[in-house]
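What follows is a set of notes on a single structure, which appears directly below.
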């Protein structure tokens, strides 16, 4: 029998699929990040699970070793986090990987996602996006992230604690004051709020720490035009240092975006 990964609502308890509800009923055991939170969902939908088992980041390794024999013996286990898809910034990835390694079927059900909900609500959707998880806590690491993000021409989505949000937004506004951002707070809940605007304005709005869960969307940056003259100079310096001409042109082209043939011909 499979391990079934069951996404749970990120706020509103009605945002759960019929398939998830059925799995929670039929599973031999439901693995819960917090049994109290899962029980609230079950009670809301009139479900009596056969057994609830705690499965959180502090016991994930031990529970995985304990549960694998049950899966191999044919038990059907439903894995649920407090909110959203288990395994994405929540416990579960270790168990899924271990089950697959033992050739235990894993079924992942679709469902709520704070990442994609925030991305669409932000109005900053691009052809692709990157998920950053939780933002770094240290100021130096944040500054390095904003520096890296400067050249990204696609949006980025991150989680942040409400307590650290003002400092993180101030850091972003200092690095990229006009970068479009959206702070999505309490998504799908009664007091849902989405604040959009340039980073410096949104940082001013959240000068004080808000309440509730926060997802931050940082919009795409402006495309960086490659400096062809500087790239050509880099190729010349590499060649002068003994690097083969074609190899030098190839490396600099990949780093700068200037066409390799242009750099190679210019170095002759």
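The values are calculated or read from the model by the stated rules, or taken from the named source; none is laboratory data. Because the structure is a prediction, the values reported are computed rather than measured. FYI the Cβ positions are ideal-geometry reconstructions off the backbone, even for glycines, and counts take in every protein chain you see.
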Residue 12 passes all but one of the listed conditions (1) surrounded by fewer than 23 Cβ atoms within 10 Å (Cβ to Cβ); (2) under 13 Å from residue 79 (Cβ atoms); the exception is number (2)
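Out of curiosity, is residue 152 more than 14 Å from the chain's Cα centre (by Cα) and more than 27 Å from residue 212 (Cβ to Cβ)?
Details: more than 14 Å from the chain's Cα centre (by Cα): yes; more than 27 Å from residue 212 (Cβ to Cβ): yes.
Considered against the rule, which asks whether it is more than 14 Å from the chain's Cα centre (by Cα) and more than 27 Å from residue 212 (Cβ to Cβ), residue 152 comes out as yes.
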Considering region 177-209, residues that are more than 21 Å from the chain's Cα centre (by Cα) and in a loop (DSSP other than H, G, I, E, B), and then whichever is farthest from residue 146 (Cα to Cα), we arrive at 190
For residue 220, the lone unmet condition from (1) closer than 23 Å to residue 150 by Cβ; (2) in contact with a helix residue (DSSP H, G or I) (Cβ under 7 Å, 6 or more places away or on another chain); (3) in a loop (DSSP other than H, G, I, E, B); (4) in contact (Cβ under 8 Å) with a residue 40 or more places away in the chain is (2)
Here, helices (runs of 4 or more DSSP H) confined to region 1-89 with at least 2 residues that are touching a residue at least 24 places away in the same chain (Cβ under 8 Å) and either over 30 Å from residue 132 (Cβ atoms) or in contact with a helix residue (DSSP H, G or I) (Cβ under 7 Å, 6 or more places away or on another chain) (or both) are 18-26, 60-72
When every residue in region 103-117 that is assigned to a loop (DSSP other than H, G, I, E, B) and touching a helix residue (DSSP H, G or I) at 6+ places or on another chain (Cβ under 7 Å) is compared, the one nearest to residue 213 (Cα to Cα) is 111
With criteria (1) in contact with a helix residue (DSSP H, G or I) (Cβ under 6 Å, 6 or more places away or on another chain); (2) at pLDDT 85 or above; (3) assigned to a helix (DSSP H, G or I), residue 266 comes up short on (2)
